[in-house]
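The values are calculated or read from the model by the stated rules, or taken from the named source; none is laboratory data. In this text, all values refer to a predicted model and were calculated from it rather than measured experimentally. We place every Cβ from the backbone using ideal geometry, glycine too, and count neighbours over all the protein chains shown. The protein model used for the area step is the full one, side chains on, heavy atoms only, and it has no ligands, DNA or RNA in it. Shrake-Rupley method; radii C 1.70, N 1.55, O 1.52, S 1.80 Å.
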Amino acid sequence: MKLLIAFFLTICIDCICAASCKKETITEESNTSVIPSFVTNLSKNDDSWYADTLCVADGKVYYFAYQDPGKMKALYNEDALLVTDPTLKVNKLNSVNDSKFYVCVAGKNLIVDFSDNDSKQSLKDITKMLPSFNRFKHDTIPNFADNVIYSMEVDFPKPSTPHANLIGMWLANYILNSQFDDEDESSFNELYTGFTSHPKKTRQYKGNVHDYTNIARGVSKAYFANVKGEFGTDRNEYPSILFSILDLRAQTFNQRYVTYQAYEEDYYGGAHSLYTENLISFDHVHNHEVDFNYLFKPGSEKNYWIC
């Protein structure tokens, strides 16, 4: 069972977020706000964006734009789009510096001074994608409740990338296992082979690892099954919003290893969401995740807690 870590309460109340791009069975309320065209183009529904003035710096007005919980967010001024990201969180540094803010993107934290060009450039650079990967976004809402959303944003290797199939299979298994409930394996009957008799990490996704939409539909199906198991099918029994985010970004890639920053966030009601963040690595030459068994000799687990 993964470790859930509560994020800072005040930030999470203001900044509950999830991923958004490709949509299925989706319903949105109509809102009105004035957003530059390059921001509205991020959404299929231009009127789904809200915008708040963040600050005035260097003679320009900076805005924080967002959709309803579970959708995309953006930072921009009148002339340029600085960053768009579903995991974007912004909080003022202090009451003295009007142009400085804490900014969190996919678990990476930095202080941005909107009056300094180099500082703003660091914000743009933080979401860059590695050349050998494609960033895939998918947002799914079930037909039984319009306030439940599963969102994923994953850097998948391009088919031409060395060992793309091995990396893709590792990612597919990681993604689907992120929503696996050991007490209810029914959601994965169509997705895994041998899952009833093998340990969790040996289950293999049996679909096309380059069919990202199918992977997203598989994991969202499992999440929705977990939601129905927790809350039933009566929409009136649900919190105002429920969501689960999975964000996997390739950080390094070389001839043997690929390393991802894994960010997961869940909201099941209450004052704030819960998130976990860690780095995961894969040896794509030897087809093995860099885990305890990869790093240590057999039998070393007895000394694990000593280390």
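Here are a few things to note about the model shown:
- The set of residues from region 170-182 being over 18 Å from Gln251 (Cα atoms), open to solvent by 10 Å² or more (accessible area, probe 1.4 Å) and in contact (Cβ under 8 Å) with a residue 24 or more places away in the chain comprises Asn173, Asn177, Ser178, Gln179, Phe180, Asp181.
- Scanning region 221-251 for residues that are polar (S, T, N, Q), open to solvent by 50 Å² or more (accessible area, probe 1.4 Å) and in contact (Cβ under 8 Å) with a residue 24 or more places away in the chain returns Thr233, Ser240, Gln251.
- Here region 89-143 is the region considered, the condition is being among the charged types (D, E, K, R) and in a loop (DSSP other than H, G, I, E, B), and the residue that is most open to solvent (accessible area, probe 1.4 Å) is Lys128.
- Complete set of residues in region 249-302 that are modelled with pLDDT of 85 or more, touching a Phe, Trp or Tyr at 6+ places or on another chain (Cβ under 6 Å), among the hydroxyl-bearing types (Ser, Thr, Tyr) and more than 20 Å from Phe133 (Cα to Cα): Tyr267
- So Tyr150, is it hydroxyl-bearing (Ser, Thr, Tyr), farther than 18 Å from Asp247 by Cα and either buried (at least 19 other Cβ atoms within 10 Å of the Cβ) or modelled with pLDDT under 90 (or both): no
- Test set (1) in contact with a Lys or Arg (Cβ under 9 Å, 6 or more places away or on another chain); (2) surrounded by fewer than 16 Cβ atoms within 10 Å (Cβ to Cβ); (3) at pLDDT below 85 - Thr196 fails condition number: (1)
- Breaking point among (1) within 24 Å of Ile149 (Cβ to Cβ); (2) of a type outside the set (Ser, Thr, Tyr); (3) modelled with pLDDT under 85; (4) surrounded by 14 or more Cβ atoms within 10 Å (Cβ to Cβ), for Lys44: (4)
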